[in-house]
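Right, one structure below, let's go through it.
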Amino acid sequence: MPQLPPSPPAHVWIAEVPPSDLRSLIAQSPQGQAADLQSTDLQPRDKSVPVGGVIAPGEEVFLSADSQEYEENGKIFLARGNVRLRFQNIELTSETLRVDLKTRIAVAEGSPKIRQGDQILVGTRLEYNFAQSKGVLFNAQGTIDTKSVGTVPTPPLASDLTLPLAADPNSPLAAVGGVVRFKAERLNFGPDGWVADNLRVTPDQFDPPELELLSPKATLKAIDARQSRLNIDGGSLLFNQNFSLPTPFYTNVLDSRKRKAPNEFGSDSFDKDGIYYQQNFYYDLAKNAELTISPQFYLQRALSGGAVLDAFNLGLQVKLSVDYGNGQLTRLFSELNSLRLDDLNNRSRFRLEHLVSLGNHTLTLNYSFRERFFNGPFFFQTVQSSYGATIDSPFITLGDTGIRLTYQASYAYIRANSDRSDLPGLPELSRFRVATALSKTIPIIEGPYAPYTKEFLRYTFKPVVPGLWVDVGTNYTQSWYGNGDTQSYLTGYVNLRAVIGRFAKDFFDYTSLNLGYNNGLASGGSPFLADRIGTFQQINLGLTQQLYGPFRIGVQTLFDPNINRTLDTYYTFSFDHRSYSLALIYNSVRQTGGIQLRIDEFNWGTNPYGRPDQVTDVVGGVERFSRLNGPGNP
């Protein structure tokens with residue numbers, strides 16, 4: 001047998017038809033004998049990988065390695081050592097690689113890694129059709145980005161930054177997404193996403209992970225160039241590698257949209273007569289539309305007498321969100337607090353809104369039926385119907401002063417309760433309102449920032465910074481009503497916040513204190529109880545204290561010294577870790593609360609302070625809607 005020519009060069013361009021110089025790259029073994037590349041262990045074995053595909057004229061596959069062999073008849077390349085294959089926007093690296101130009105299938109072993117855009121997948125064996133960008137990866141590992149990318153990021157008024165607990169590093173307000181890691185025994189992937197078998201997902205960036213979501217099957221779908229959505233079929237949550245909480249066979253969802261965990265326990269004495277259970281199901285109607293259906297069971301109402309499964313003890317909540325991708329967003333919230341058909345008019349609530357980005361401002365068009373508000377001394381108020389428009393500004397920082405400015409203008413036509421003797425019980429009136437707020441946070445003392453290490457991330461998802469801060473600000477609101485009434489309110493506030501400790505040691509290493517005072521001047525008055533200003537001076541006090549390890553207790557209260565009345569009080573008991581938090585929250589004034597599960601990187605969070613869905617606070621005569629999360633969303 002004649003001596004074979006030398007081994008091929010380390011870098012070879014492979015086109016649709018191998019160029020003439022590749023005819024000299026005859027496959028050879030290390031001993032210089034002819035090698036049969038058809039008999040290699042890198043033969044494709046998985047039937048799910050498609051065969052064939054078109055490579056457009058001019059497109060080339062670039063292959064580099066320490067050594068390469070080529071079989072001309074079979075048009076097969078075998079590469080070893082620091083292998084790198086590039087085709088279009090795909091890059092594949094491994095220790096060994098077999099490329100079949102006829103079938104378009106590449107088989108890689110030795111820590112194969114495939115990169116397409118921002119997505120990186122690694123495993124132990126890869127079978128991949130590079131022409132169709134489809135393949136299967138065994139013992140796969142990768143990451144999913146769930147950071148929030150809201151298209152209409154309109155904030156509340158600037159003064160809302162000083163709401164109690166807002167600076168708490170483990171507050172439910174803080175769930176904003178992040179990066180989660182995953183492992184799968186088998187991963188079938190393509191241009192639009194992947195399907196995984198025996199998936200393990202964790203929000204923890206350290207090993208061993210303190211929280212994992214396990215599922216026999218999961219599907220990742222691309223929503224757009226920035227977002228993907230992971231649908232998980234049942235499974236379980238594994239806490240600290242020793243406690244497992246099963247989840248039913250319904251679908252869980254992880255993506256860049258903040259949502260509730262699948263299971264929810266809450267308490268609402270006003271609408272639901274106490275403790276209730278809610279199950280959240282998420283459905284994709286299209287890439288830009290999501291439907292949430294949440295059946296409810298009112299436990300306390302059912303145990304008070306009568307048939308347990310009576311329609312009066314059952315409820316239903318439905319949400320719809322449609323993101324058009326052009327700065328416009330439509331959201332719907334509806335809820336039935338009983339399934340008895342004879343009382344639907346008094347047991348239903350509904351809100352529809354459409355948001356439009358106008359430069360850096362946001363226009364909101366809305367209609368609501370029996371929307372519920374909480375207005376301090378006037379307690380819960382139901383607005384029978386309302387429609388109108390609101391324009392909100394973004395946060396505007398005034399030069400280098402650190403002062404934040406926001407403003408709002410709105411028009412609404414309202415039908416709501418009134419206690420005025422010169423008006424009917426449910427007057428229908430128009431209202432035009434303008435509101436503005438200025439705020440500034442002044443750091444008095446700030447401790448050094450701690451590194452993102454396990455030492456400082458035992459019980460919190462980011463290092464706690466001890467210190468002392470002062471929040472100051474002012475609000476002004478002016479409203480005009482269709483019957484000639486007016487209401488104006490000018491207020492100023494100061495709030496002192498202190499954090500002691502870093503929440504990293506076992507005993508009493510975290511204390512959060514706040515003391516605030518607010519006083520204002522008002523004139524006139526709203527004909528409606530829902531937005532009437534009834535308190536002009538408030539003192540707020542708060543304390544959150546670590547007891548042992550992840551356990552903390554807290555209390556936050558708002559008191560009006562003029563009328564000698566407590567306006568709001570929250571009690572919290574929480575179990576906090578860097579990847580998740582479980583909290584029991586109860587409000588003794590509103591008689592609401594719930595068990596709140598927060599997993600930041602999963603974007604799972606519940607309503608701040610245990611509020612029931614679709615309850616909006618009224619502060620200083622202004623409804624504080626969350627434009628970030630929408631009606632009824634956490």
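Values in this text are rule-based calculations from the coordinates and carry no lab data. A quick note: this is a predicted structure, and the numbers were derived from the prediction, not measured. Note that we place each Cβ from the backbone using ideal geometry, even for glycine, and neighbour counts take in every protein chain shown.
Sorting check: for 354-366, 187-199, which peptide has the highest mean count of neighbouring beta carbons within 10 Å, and how do the rest follow?
In decreasing order of mean packing, 354-366, 187-199 become 187-199, 354-366.
Pairs to check: Lys113/Lys217; Lys217/Lys258; Lys258/Lys462; Lys113/Lys462. Give those whose C-alpha atoms are more than 25 Å from each other in this structure.
Lys113/Lys462
Counting pairs of alpha carbon atoms under 8 Å apart in space and at least six apart in sequence, what relative contact order in percent does segment 422-519 give?
Relative contact order here is 26 percent.
Determine which aspartates and glutamates satisfy two conditions relative to Lys505: a Cα distance under 16 Å, and not lying fewer than 8 residues away in the same chain.
Glu455, Asp576
What is the extension gain from Val318 to Asn346, computed as 0.36 nm multiplied by their sequence separation minus the C-alpha to C-alpha distance, in nm to one decimal?
8.4 nm
Calculate the spin-label point distance for Leu513 paired with Thr401, positioning each point 7 Å from the Cα along the beta-carbon direction, and give it in nanometres.
Here the modelled spin labels are 3.1 nm apart.
For Asn263 and Ala450, compute 0.36 nm times the residue count separating them, minus their Cα-Cα distance, and round to one decimal in nm.
Extra length available between Asn263 and Ala450 comes to 63.9 nm.
What are the GluC sites (Glu not before Pro) within segment 375-480 that DSSP puts in a loop, where the Cβ has at most 13 other Cβ atoms within 10 Å?
Counting only loop positions with at most 13 other Cβ atoms within 10 Å, the GluC sites (Glu not before Pro) in segment 375-480 are Glu455.
Answer rounded, prolate or oblate for segment 31-139, using the Cα gyration tensor with square roots of eigenvalues a ≥ b ≥ c: rounded when a/c is under 1.5, else prolate when a/b is larger than b/c, else oblate.
Values: a/c = 1.42, a/b = 1.25, b/c = 1.14.
Here segment 31-139 falls in the rounded category.
Please tell me the relative contact order of segment 437-493 in percent, rounded to the nearest whole number, where contacts are Cα pairs under 8 Å and at least six residues apart.
On the way: 83 pairs, mean separation 20.1, N = 57.
Over segment 437-493, the number comes to 35 percent.
Rank by packing, highest mean first: peptides 566-576, 125-135, with packing defined as the count of other Cβ atoms within 10 Å averaged across residues.
Details: 566-576: 18.5, 125-135: 22.3.
Result, highest mean Cβ count within 10 Å first: 125-135, 566-576.
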